[in-house]
Amino acid sequence: MSTSLVRKVEALQFPFQTPDPFLFAVYHNDAYPAGDDKMQAPRKGDGADFDPSAPYRMYHGDRVPGFPQHPHRGFETITATMDGIIDHTDSVGNAGRYGLGDLQWMTAGKGIVHGEMFPLVNNDRPNHLRLFQIWLNLPSARKMTEPAFVMHWAPDIARVRSADGLTSVVVWAGELMGARGAPPPPMSWAADSSNDVAVWFLTMKPGASFTLPPAAAGSASNRTLYFFAGAGVSVGGRALTNHSAVELDAAQSADLHVPPAAGNDTLLLILQGKPIGEPVAQHGPFVMNTRAEINQAFSDYQETQFGGWPWPDDAMVFPRDKGRFALVNGKETRPPDGGSRRHDEM
């Protein structure tokens, strides 16, 4: 067993503990039932429904689960979907319906207000939602950049499979096995390849073995592996049965193995990147470098509302038959399938 590869193992928290340049990572896994004629859940939310033991959560939603309009400044959100549907609206006037493997990347920059609602579009079958939301920090020189919004549709997301067919990888950022993640917004820390940012999602079947190569930047990068679903995995010879966050030496390759007797797939998330290495001051939805900058963010939001809210509802959802789309800078685009694919065909 390599003693230097695995630097630290911690019990997995909710949200996940994250290394610089990341700020936050959360796995949403909600078994929503069929929706009613207004795409609503059977029960009403209490405004802060985050119970991890419940089959599903309403979060800050009332009858439609999700997160009604709220502000951000100073970082980026990466919303990487597997199942389910998200309706996005923001103060810039951008919007979208996405999910089923799509990836949305948003730079909050100097300030944006957005809503993320989870409409239960299927009224005759469940609306299972699975996604990651990951916050990636911005360096001080870019915290006040203009907001940006990029949508990458599922067919454009890089995916690779191991030679034995037992491990599949979704490359949301960075590069692995020759597969390269789709481009981030231009002012992102990830836009400079020398910052070595990677976000990978691995599905390993029982008996699978897979090796993560050393990071391009070696030990200058932080790398954390999250074992968040499944019965067990071995990391560099260290067997794990409890869901864990594993800090790795990014300069070394990491051998991963799932026992053949495992009863189901093992799911892993990898976050990697060179640290920004600046002070972090955070209060709720604002992430800056100093407390004075946080106070200024609150003052600016109270004065300007970061451009105001151009939508008729704080918890905006689109019609059931709208399909997947992205409205960016006044131009609407749709995925290669036209956005009309059944919401359970993933």
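Under the simplified labelling scheme, the Asp124-Lys110 pair shows an inter-label distance of 5.0 nm, with each label point 7 Å from Cα along Cα→Cβ. Based on the Cβ-Cβ distance of Lys38 and His70, what FRET efficiency does E = 1/(1 + (r/R0)^6) give at R0 = 30 Å, to the nearest 0.05? It comes to 0.85.
Max-minus-min Cα coordinates of the stretch 27-80 on each principal axis give 37, 23, 21 Å, with the largest extent listed first. Keeping every protein chain present and rolling a 1.4 Å probe, give me the accessible area per residue for the stretch 215-318 in Å². So the stretch 215-318 comes to 44 Å² accessible per residue, rounded to a whole number. Residues of the stretch 173-210 falling in the label zone of Thr241, defined by backbone nitrogen less than 17 Å from a point 7 Å along Cα to beta-carbon, are 207. Excluding same-chain neighbours fewer than eight residues apart, the aspartates and glutamates reachable from Lys8 by a Cα-Cα span under 20 Å are Asp20, Glu247, Asp249, Asp255. Solvent exposure of the stretch 125-168 amounts to 42 Å² per residue of accessible area, where only protein heavy atoms count and the probe is 1.4 Å. Peptides 61-68, 82-89 ranked from most to least packed by the mean count of surrounding Cβ atoms within 10 Å: 82-89, 61-68. Going by the alpha-carbon gyration tensor, a ≥ b ≥ c the square roots of its eigenvalues, is the stretch 111-266 rounded (a/c under 1.5) or, if a/c is not under 1.5, prolate (a/b greater than b/c) versus oblate? Since a/c reaches 1.5 but b/c is at least a/b, the shape of the stretch 111-266 is classed as oblate. The apolar share of the surface of the chain, taken as the fraction of accessible area on carbon and sulfur atoms (1.4 Å probe, ligands and nucleic acids excluded), comes to 51 percent. Under 1.5 on a/c is rounded, so check that first for the chain, then, if it is not, pick prolate when a/b is larger than b/c and oblate when it is not; a ≥ b ≥ c are the square roots of the alpha carbon gyration tensor eigenvalues. Verdict is oblate for the chain.
Leaving out ligands and nucleic acids, note down the accessible area per residue over the stretch 1-41 with a 1.4 angstrom probe, in whole Å².
Details: 2000 Å² over 41 residues.
That works out to 49 Å² per residue.
Classify the stretch 94-196: rounded, prolate or oblate, from the alpha-carbon gyration tensor (a ≥ b ≥ c, eigenvalue square roots; a/c under 1.5 rounded; otherwise prolate if a/b is larger than b/c)? Here the stretch 94-196 falls in the oblate category. Charge dipole (Cα centre; +1 on Lys/Arg Cβ, -1 on Asp/Glu Cβ; no other charges) of the chain amounts to roughly 380 debye. For the stretch 1-77, which chymotrypsin sites (Phe, Trp or Tyr not before Pro) are both in a DSSP coil and crowded by at most 13 other Cβ atoms within 10 Å? Hits after loop and neighbour filter: Phe50. When the chain is treated as a Gaussian network with alpha carbon springs shorter than 10 Å, the biggest mean-square fluctuation among Gly74, Gly45, Gly330 belongs to Gly330.
Using a Gaussian network model on the chain with a 10 Å cutoff between Cα atoms, which of Thr241, Thr107, Thr79 fluctuates the most? Highest fluctuation of the listed residues: Thr241. As a calculated quantity, the FRET efficiency between Ala48 and Val26 at R0 = 22 Å, using C-beta atoms, amounts to about 0.90. Using the rule -39500 (n - 2.57) for each DSSP H run of four or more residues, divided by the residues of the chain, the 222 nm mean residue ellipticity is -1500 deg cm²/dmol.
The values are calculated or read from the model by the stated rules, or taken from the named source; none is laboratory data. Every value quoted in this text rests on a predicted model; they were computed, and no experiment measured them. Heads up, the Cβs are rebuilt from the backbone with ideal geometry, glycines too, and the neighbour counts pull from every protein chain shown. Please note that ligands, DNA and RNA were not included when accessible areas were found on the heavy atoms of the full protein model with its side chains. Shrake-Rupley method; radii C 1.70, N 1.55, O 1.52, S 1.80 Å.
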